[in-house]
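The values are calculated or read from the model by the stated rules, or taken from the named source; none is laboratory data. As the structure is a prediction and not an experimental result, all values here were calculated from the model. In this analysis, Cβ positions are derived from the backbone assuming ideal geometry, glycine residues included, and neighbour counts consider all displayed protein chains. Each accessible area value is taken on the protein alone, full model and side chains, heavy atoms only, with ligands, DNA and RNA left out. Shrake-Rupley method; radii C 1.70, N 1.55, O 1.52, S 1.80 Å.
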Amino acid sequence: MTGRRNAARRWSGLRLILAALVLATQVQAQETPVPLLTLDQDRFFLQSDFGKAVVERERTATAALEQENKRIEAELIAEEQALTEERKTLPAKDFSAKAEAFDQKVERIRDEQDAKARALTEGRDKDRKAFLQAAVPVLGELLGQKQAAAILDKNLVIVSLSAIDVTDEAIAAVNKALAAKPAPTP
């Protein structure tokens, strides 16, 4: 029974300490307001004029690469079928040499196409970095206008008020800023 009373006293004391901390935090927050803002980085990029241009260029390049891959695949299938037909009439040594050359060609083409796909991904990453470099001054200005201490990624915040989300304002501001001066071309 004594153990329960001691545990109850400790729990009661802990609740008092927590309540005091909460009150102290609220009082301090009331004395020095330091607003935080949130920004949906993906939407900020994708809905900006710059981001829309990047996405369109990437979509076009991806579609062209897919078409090229389909064309190459059809050519390789036809070449493989012709090689299979030649197998019936070629000596084993000659067929083996042709089959090896074909396999090497397929590997080379696969490596080339993979490099093109990686280049698309690298280009997307470079475009995002260029956008962020151009957007940082705009976001800094927005931070000052709102008299805020920080802009946090909205996706990393667990709970927030929609009033602190400045994504729409940031999109409008970056579009205006990038339209007024030359921005990195996507």
*asked:* Residue under question is residue 90, and the condition is that it be of a type in the set (A, V, I, L, M), surrounded by 12 or more Cβ atoms within 10 Å (Cβ to Cβ) and not in a helix (DSSP H, G or I); does it hold?
replied: yes
*Hey, could you check region 128-175 for residues that are without any contact (Cβ under 8 Å) to a residue 60 or more places away in the chain and polar (S, T, N, Q) and say which is nearest to residue 58 (Cα to Cα)?*
133
*Does residue 77 fit the bill of being more than 30 Å from residue 159 (Cα to Cα), open to solvent by 60 Å² or more (accessible area, probe 1.4 Å) and without any contact (Cβ under 8 Å) to a residue 60 or more places away in the chain?*
yes
*Across region 153-168, which residue is modelled with the lowest pLDDT among those that are surrounded by 15 or more Cβ atoms within 10 Å (Cβ to Cβ) and either in a helix (DSSP H, G or I) or of a type outside the set (Asp, Glu) (or both)?*
164
*Which residue, of 70, 116, is in a helix (DSSP H, G or I), of a type in the set (Lys, Arg) and farther than 30 Å from residue 131 by Cα?*
70
_Residues being of a type in the set (Lys, Arg) and either surrounded by 15 or more Cβ atoms within 10 Å (Cβ to Cβ) or on the phi > 0 side of the Ramachandran plot (or both) - total across region 129-148_ = 1
_Looking at (1) part of a helix (DSSP H, G or I); (2) open to solvent by 50 Å² or more (accessible area, probe 1.4 Å), which one does residue 61 not meet, given that it meets all the others?_
(2)
